[in-house]
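For reference, the structure discussed in these notes is given below.
The values are calculated or read from the model by the stated rules, or taken from the named source; none is laboratory data. Note that the structure is a prediction, hence the values are computed from the model and not measured. Using ideal geometry, Cβ is built from the backbone for each residue, glycine included, and neighbour counts are taken over all protein chains shown.
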Amino acid sequence: MFMLTFVCGAVGAVGLPTTARGQEEPQQIQRQQRERECRQDPGGRKCRQDPDEWERRQNPDERAAGEEIAEDDKDASVADGATLLLVPSRLQAAPGSRIRLTLSILGAHDVRRVPVTIRFDPNVIELVSVGLGSAWKNRPQPVLMHDESRPGELVVGIGQLDKNKSGISGVAELLELEFVALAPGNAGIVLERFAAIGAGARAQTTTALATNIVVR
């Protein structure tokens with residue numbers, strides 16, 4: 001079944017689940033990625049800046065009023081690419097319990113649209129609901145399209161219609177998902193056919209982190 005959700009006005013923020021074992025916040029994962037990159041390239045731009053200051057400047061919600069990212073920082077953000085991940089990325093659940101996941105993006109740069117396909121084992125978990133994440137709460141006319149007609153596959157397109165408003169930058173929650181655990185096993189969740197698309201249909205280099213959801 002193909003569904004289109006057109007929302008005007010505010011979309012309420014949904015908090016991250018707190019029941020996951022080994023849960024990591026997107027900001028923590030971003031910091032860990034930065035530390036790995038610094039070990040590989042100690043002279044890189046990220047490593048020459050204070051970690052807290054660099055992360056603050058990448059997130060528009062944390063920058064001071066009127067403060068802009070320097071042009072060299074913008075270039076670095078695009079070159080480094082964006083990362084998609086489901087939070088929590090590791091979780092154990094009992095059969096019959098609800099599993100709430102948030103699709104987040106790290107290192108986004110003026111992202112206007114995000115298509116993604118989410119695959120999972122339909123014998124282990126069942127999709128219950130799909131909703132917009134908190135990144136869209138202050139954006140007019142956000143759009144969510146999703147197709148869940150094939151078992152074990154969710155095809156999603158999310159974005160904004162307002163071309164005059166800048167896109168998402170930094171760390172953001174894009175999508176809220178809820179599953180129910182059916183039977184013991186690995187849910188086998190995989191992100192495929194994804195992209196972070198900015199103004200002028202320019203795609204930012206994007207990777208996805210692994211997710212390990214186990215029902216037992």
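Identify all residues within segment 132-187 that are among the charged types (D, E, K, R) and either over 14 Å from the mean Cα position of the chain (by Cα) or more than 18 Å from P88 (Cβ to Cβ) (or both); write none if there are none. The answer is K137, R139, D147, E148, R150, E153, D162, K163, K165, E178. Looking at the structure I just gave you, is L106 at pLDDT 95 or above, touching a helix residue (DSSP H, G or I) at 6+ places or on another chain (Cβ under 7 Å) and either surrounded by 15 or more Cβ atoms within 10 Å (Cβ to Cβ) or not acidic (D, E) (or both)? In short, yes.
The set of residues in segment 174-206 being of a type outside the set (D, E), assigned to a strand (DSSP E or B), closer than 17 Å to G157 by Cα and in contact (Cβ under 8 Å) with a residue 24 or more places away in the chain consists of L174, L175, L177, V190, L191, A196, I197, Q204, T206. Restricting attention to segment 200-216, the residues that are of a type in the set (A, V, I, L, M), surrounded by 12 or more Cβ atoms within 10 Å (Cβ to Cβ) and more than 14 Å from the chain's Cα centre (by Cα) add up to 4. For segment 116-140, the set of residues classified as part of a strand (DSSP E or B) and more than 12 Å from L103 (Cβ to Cβ) consists of R119, I125, E126, L127, V128, S129, listed by residue number. Among the residues making up segment 141-163, those that are part of a strand (DSSP E or B) and either out of contact with any Pro (no Cβ under 9 Å at 6 or more places or on another chain) or surrounded by fewer than 19 Cβ atoms within 10 Å (Cβ to Cβ) (or both) are P142, V143, L144, M145, H146, D147, E153, L154, V155, G157. Note on segment 124-140: residues that are more than 29 Å from V215 (Cβ to Cβ) and exposed (fewer than 15 other Cβ atoms within 10 Å of the Cβ) amount to 2. All conditions but one from (1) within 25 Å of R216 (Cβ to Cβ); (2) buried (at least 21 other Cβ atoms within 10 Å of the Cβ) apply to E178; the one that does not is (2).
Scanning segment 93-103 for residues that are part of a loop (DSSP other than H, G, I, E, B) and touching a Leu at 6+ places or on another chain (Cβ under 9 Å), we see that the one that is surrounded by the most Cβ atoms within 10 Å (Cβ to Cβ) is P95.
G170 meets the stated requirement of being assigned to a strand (DSSP E or B) and among the small types (G, A, S).
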